[in-house]
2 protein chains.
Amino acid sequence: MTEYKLALVGFGGVNRALAQLIAERNEQWKTELGFTLKIVGLTDLFLGSVIGREGLDANVLAQLPAVKGALAQLSGGDVTALNEAVIKDCGADIIVEATFTNPVDGEPATSFCRWALEGGQHVVTTNKGPIALHGAELKALARRKHVAFEYEGSVMSGTPVIRLARQALAGSSIVGFEGVLNGTSNFVLTSMEGGLGFAEAVSKAQELGYAEADPTADVEGHDVRLKVVILANELLDAKLTVSDVTCSGISSLSLGDIEKARQDGARWKLIGSAMRHADGSISASVEPRLLNNDHPLASVGGATNAVSFTSELLGAVTVSGPGAGRTETAFALLSDIISIHQSIARNQE
Amino acid sequence: MTEYKLALVGFGGVNRALAQLIAERNEQWKTELGFTLKIVGLTDLFLGSVIGREGLDANVLAQLPAVKGALAQLSGGDVTALNEAVIKDCGADIIVEATFTNPVDGEPATSFCRWALEGGQHVVTTNKGPIALHGAELKALARRKHVAFEYEGSVMSGTPVIRLARQALAGSSIVGFEGVLNGTSNFVLTSMEGGLGFAEAVSKAQELGYAEADPTADVEGHDVRLKVVILANELLDAKLTVSDVTCSGISSLSLGDIEKARQDGARWKLIGSAMRHADGSISASVEPRLLNNDHPLASVGGATNAVSFTSELLGAVTVSGPGAGRTETAFALLSDIISIHQSIARNQE
């Protein structure tokens, strides 16, 4: 039986949900997936860090009180986040990176990924920063070191948009995509269709926990822009940087605009998209678009996300599902680990 | 460079579209997919058959006049469909089965698949009959012979519903699915929402080529029932036969029902579904269902198909796309061949 040793970097909701899944499902995975997971290290800015080379109790970790330095209470624990020690010295096969996204320079997550890959460890991450800002470098490093670098959860949480396009649509010749890629802004637009003004709709999203105290990154399209870079580089083999993607948000839309669209049988959506043109060039944007009600993305409501791929052989294929959520995003990490397992199994055959 | 030799069984629109793709894209596939395809045999009830072990010209085949016995004009051709000779003797690595679906006993397609698998050849098919009626036997035979048996195109043409669920949703613990799986009946319902009566809507579908002269299999749910059996057995590890799936169609729906639904913010859809219950039992049905407008399948209009999977870790993930079309279905065959190539590459590493 294959067992993978994990180091969890960042222990917010996502990696905590992964620990919970490990506590509940390891036995089931043994037969269903052909492997089990063991947590051998954990580091978190707030909680501190712990190394346990023989395996830490996933259930204890999942139930850890949200108290500063709480990991110091465990055997092998420290009040400080000893990131480098945990990544490099705890003997993990796979580094599970789920810290916050830094949209400016992708740090410190990018350094975490780099340390791990340089040390010959596989990396799975849900973090948009390292992929959108340093994806080409990190992918090349992973190839050079013959390890995996997987990031399904960086776009649409566990809804398998990257793997769908890369595996199941292989050979279809994808030429572009359009997506509803930010649940907060889509929730705001859906609320405005129900009659709320922009500011009220944002307040409602904040009350429900969909929007941050500062909603700028969501409603002005900055979050979507990172996802467009990730998808375009992955699926269209583009070499985009963030500044290549034109970006405007939804804050300029009025209730009048929304109502006028309704009367015309259409809806406003914040659309992130990229397209390969006949000359091989690729353009990409984030902008509010007026979609007719029969457009495959028009009916994507509330906090749901969706991407519609256009390919030469299939026309439009659309996948929709959760774009956030702790367990849903933890599934993305599991899905990445399954992919690593399959590729290791291939190389051992 | 890997080259796969194909025998095409049945030469209606789908295999003809595949021949066209081979004629146009073989060079591109060499770099993009790592293999090329060569047609070494073809057999069709109407056109006759031909064997060309050194390779037949895909472009000539794609342009073949639709004249009875036309293949006899080619070198190595015969006015008769010498199915057994083509499958067993033309030296094909992969048999590409795309004959008509026989919903009663799955013949003659099932025998074609069986001959090929028994002879150690891979089989790809778009045919619902062999999978829905004899899937367990044929899958077991393929495993025993260490060859592949792939059938992405048997449900939703090239929209990758089977591969999405099997690969990208692996580990999510799928517990059920609901689908809009028949383009004709969905087109009829969408037309009725536009004010046409049932009979008028069926006539319109026939005029546009969506519906057969006898629309029974589409509008009474028999076509969907086969697809429910295929998906349930594939994704829920069910052991369903066709008679396990309760089935009622849309012919009993009146314009009044459709209008009443509209007033209530809902829509009627013909839904094929299956669900695993807490006790492990699986129930499956085909029936018209009233879906609220915010249901992920409510907005699937016209001839589009969609499936919504429910899983323990992700909730609902929905994929929509073409459910028919010659090139779209030919892509399903290509996608199956890509999958075979990957599994062969794995075994050779």
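Summary table
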item	result
Hits among aspartates and glutamates - C-alpha to C-alpha of B:Lys139 under 12 Å, sequence gap 8 or more where chains match	B:Glu118, B:Glu150, B:Glu234
Karplus (6.51, -1.76, 1.60) ³J(HN,Hα), θ = phi - 60°, over the range B:163-177, in Hz, Gly and Pro reported as x	5, 4, 5, 6, 9, 6, 9, 3, x, 7, 6, 5, 10, x, 8
Loop-resident sites, the range A:113-175, for GluC sites (Glu not before Pro), counting at most 11 other Cβ within 10 Å (DSSP)	none
Tensor-based shape of the range A:207-306 (alpha-carbon gyration tensor, a/c under 1.5 rounded, otherwise prolate or oblate)	oblate
Net charge over other residues, Cβ less than 11 angstrom from the Cβ of A:Arg163 (K, R count +1; D, E count -1)	-2
log₁₀ of I(q)/I(0) at q = 0.06, 0.10 Å⁻¹ - the protein assembly as shown, Debye sum with one point per alpha carbon	-0.37, -1.02
Accessible area of the protein assembly as shown divided out per residue, in Å², using a probe of 1.4 angstrom	39
Förster radius 56 Å - calculated FRET efficiency between B:Ala213 and B:Lys239 (Cβ-Cβ, nearest 0.05)	0.95
Positive minus negative residues near B:Asn26 (Lys, Arg vs Asp, Glu; Cβ under 11 Å)	-1
Lys/Arg +1, Asp/Glu -1 at C-beta; chain B dipole; positive extreme among B:Leu291, B:Gly315, B:Gly13	B:Gly315
FRET efficiency, B:Thr36 to B:Arg144 (Cβ-Cβ, R0 30 Å, nearest 0.05)	0.55
Calculated label separations, A:Gly256, copies of the chain, 7 Å along the beta-carbon direction, nm	4.5
Where Rh is the Kirkwood radius over Cα pairs, Rg/Rh for the range A:93-228	1.04
C-alpha center-to-center spacing [the range A:159-191, the range B:112-181] in angstrom	26
Neighbour count of at most 14 Cβ within 10 Å plus DSSP loop: longest chymotrypsin sites (Phe, Trp or Tyr not before Pro)-free window in chain A	A:101-349
Angle between chain B longest axis and helix B:222-235 axis [Cα atoms, degrees, rounded to 10]	80
Cα-based helix-to-principal-axis angle, B:13-32 vs chain B, degrees rounded to 10	70
Gap separating the Cα centres of the range A:310-349 and the range B:39-70, nearest whole Å	39
Relative contact order for chain A, counting Cα pairs under 8 Å that sit 6 or more residues apart, in percent	17
R0 of 35 Å, Cβ-Cβ distance A:Asn293-B:Val104: FRET efficiency to nearest 0.05	0.30
Listing of the range B:299-314 residues, each with accessible area lower by at least 10 Å² in the full protein assembly than in the chain alone (probe 1.4 Å)	B:Ser299, B:Glu312, B:Leu313, B:Leu314
Residue-averaged 222 nm ellipticity for the protein assembly as shown, from DSSP H runs of 4+ at -39500 (n - 2.57), nearest 500	-11500 deg cm²/dmol
Per-residue ³J(HN,Hα) for the range B:119-136, Karplus 6.51 cos²θ - 1.76 cosθ + 1.60, θ = phi - 60°, Hz, x for Gly and Pro	x, x, 9, 5, 10, 10, 8, 10, 9, 5, x, x, 6, 5, 9, 9, x, 4
Computed over chain A, Cα set: Rg, Dmax in Å	20.7, 64
Nearest-first distances (nm) between copies at B:Ala213, label 7 Å from Cα via Cβ	7.3
Size-normalised alpha-carbon gyration radius of the range A:279-349, reference 2.2 N^0.38 Å	1.55
Label zone at B:Thr2, where the point sits 7 Å out along the Cα-to-Cβ direction: the range B:37-67 residues whose backbone N lies under 16 Å	B:37-38
Relative contact order (percent, whole number), the range B:162-322, Cα cutoff 8 Å, 6+ residue spacing	33
Heavy-atom accessible surface of chain A: percent carbon and sulfur, 1.4 Å	49
Cross-link pairs beyond the 27 Å C-alpha cut-off, checked among A:Lys239/B:Lys5; A:Lys88/A:Lys145; A:Lys68/A:Lys145	A:Lys239/B:Lys5; A:Lys68/A:Lys145
Copies compared at B:Glu312 - label distances in nm, ascending, label defined 7 Å from Cα in the Cβ direction	4.3
Buried accessible area, chains A and B (both chains, 1.4 Å probe, Å² to nearest 100)	2900
Partner lysines for A:Lys204 [C-alpha distance under 24 Å; skip if fewer than 8 residues away on the same chain]	A:Lys260, A:Lys269
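The values are calculated or read from the model by the stated rules, or taken from the named source; none is laboratory data. All values derive from a computational prediction rather than experimental measurement. Note that each Cβ is placed from the backbone with ideal geometry, even for glycine, and that neighbours are counted across all protein chains shown. To get the accessible areas, we keep the full protein, side chains included, count just its heavy atoms, and leave off ligands, DNA and RNA. Shrake-Rupley method; radii C 1.70, N 1.55, O 1.52, S 1.80 Å.
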